[in-house]
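Reading through the structure tokens given below for one structure.
What follows draws every value from the coordinates through simple rules; no lab data is involved. What you see is a predicted model; the values in this text were computed from it and never measured. Neighbour counts run over all protein chains shown; Cβ positions are idealised from the backbone, glycine included.
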Amino acid sequence: MRIKTRVKVAGALTVCVLLAYGAMVLHLDRSLSNLIRDVQRANELVDKITILRSLTQDYLLYPTERSTQQWSVAYAEVLQFLDKPDFQRLKRTYGLGDVPAKLKVVGDTFSRLMEIRTAPGPDSVAGEAQKRLATQVLLATHDLLTWFIQVTAEANRKLIYTHRLISSLDFLALLVLGLLVVSNIVFLQRSVVKPIVRLHDGVEKIGAGDLDYRVGIDSRDEIGQLSRAFDLMTANLKSLTVSLKKSEERLRGLTAKILSVQEEERGRLARELHDDLGQSLLVLRMQLSAILRRYSPEPALQEKLQEAISYLKEIIDKTRRLSQDLSPSILENLGLAEALRNLFEDFQRHREHDMVIKAEMDEVKHLLPKEANIAIYRIAQEFLANVHKHAEASQVDVAIKALPDKVSVTLEDNGKGFDLEEIKSRPKERRGMGVASMEERLRMLGSQFSLSSQPGKGTRLYFEIPYTGQKPPGIQEMP
């Protein structure tokens, strides 16, 4: 059954219980009101009959005109009460059909009693008749009083029973509502809360990378449908993730191959520049110098030759520097630290403004593969190029440390810095290739860098590369 249908059924049952309870309470409330009114009217009749009986006794003791009038008034009030609708209900409910006749007997007997008292005749005969009639009046009023006391007692019993019935009904209604609430809670716990918790756990596990997790709720309700859709989504996500990883591996392989080919091509160009063009320019310079020394040309020609020799020297220096930038042979021959020192000296030598480069570097050539040494060198090159173009810095700090299980590299300048968040918010095509190139080189080595910068506070680049090979002297495993 669908959750929506179950909720509707539970709601309908609750409404039915509440309606039934309301109808019963309304009926019992009416009954209770009628019983209270019956008790009140019965007590009122008891009071009136009691007064009538007392007045009868008073008349027998003191037969005066005043007592006669009082008795007549009390009797008239009783007769008037018997004509009210409340007494008609009492008569129907409690079987008081003989009360009017009984009361009429009381009135007729009392009238005869008054006639005998006022009529002339022997006192003995009148006394016997008065006693007989007085006894009849008292017995009749006693019967009426007994009836109404019984009615009052019965009405009170019904009233107590109705009170108990209402209390029992309240308890039963609370019990039924409690059972409905408990059943709804159990239903929600089993059908909604637990499945949602499982879905939440699934989201967390999948978010943590566990794409083999399955919620596995087989119910036919909406939660079951959501669970099956979620499991299907997870399976598709796993398939896409596997495909994406394969694509990334292929891309990483292609990138590594491109970088390798790039370095090889740079090496080839560097060798051609150094061995062919550089040597040819050097020979040409030497020949011009020899001509200048041997033939002692005219001053004008001598000046031109001297200018050509100076210009050739500049070209040779630029060719050598370009060859060094393309593929520093010193990196393979003397190691990363020496290659970087040579890079820093050359960078300082060709800057228009003075800049201090402070370097603290451990030799890590044998701790890292060739690709890692090249990556560190190229990243340092790119960092210095950015310093030259943008930073306007007066100092650059470089630290390369051989740690127990990795090499840490820190490059930092005191330049004007930049808004890193603003750079990140730019489209990729406007971010520049420098940072992307550094990031890709480190990613190929299974590493990543941390870049921090603020306007006016310089720029700091930090990354770590796990090393391979033998640890340098003095490096021990951390406990």
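What to note about this one:
- Each other residue within a Cβ distance under 12 Å of ALA76 adds +1 if Lys or Arg and -1 if Asp or Glu, for a net charge of -1.
- Rg and Dmax, both from the Cα atoms of segment 3-197 and both in Å, are 29.4, 108.
- Calculated translational diffusion coefficient of segment 16-103 (25 °C, 0.890 mPa s; Stokes-Einstein with Kirkwood radius over alpha-carbon pairs) equals 160 µm²/s.
- Entries of LYS365/LYS401; LYS389/LYS457; LYS370/LYS401; LYS358/LYS406; LYS257/LYS370; LYS358/LYS401 with Cα pairs more than 19 Å apart: LYS358/LYS406
- Qualifying GluC sites (Glu not before Pro) for segment 331-384 [loop in DSSP, other Cβ within 10 Å: at most 13]: GLU352
- Under the simplified labelling scheme, the LYS416-CYS16 pair shows an inter-label distance of 8.1 nm, with each label point 7 Å from Cα along Cα→Cβ.
- Modelled FRET efficiency - R0 35 Å, LEU180 with GLU77, Cβ distances, 0.05 increments: 0.05
- Sequence of VAL203, VAL137 once ranked by neighbouring C-beta atoms within 10 Å, starting from the fewest: VAL203, VAL137
- Among ALA140, VAL46, THR68 - extreme Cα towards positive end, dipole of segment 3-197, charges at beta-carbon: VAL46
- The ranking of LYS104, LYS365 from fewest to most other beta carbons within 10 Å of each one's beta carbon is LYS104, LYS365.
- Label separation (GLU154 vs THR50): 2.1 nm, computed from points 7 Å beyond Cα along the C-beta direction.
- Overall form of segment 366-417 per C-alpha gyration tensor (a/c, 1.5; a/b vs b/c): oblate
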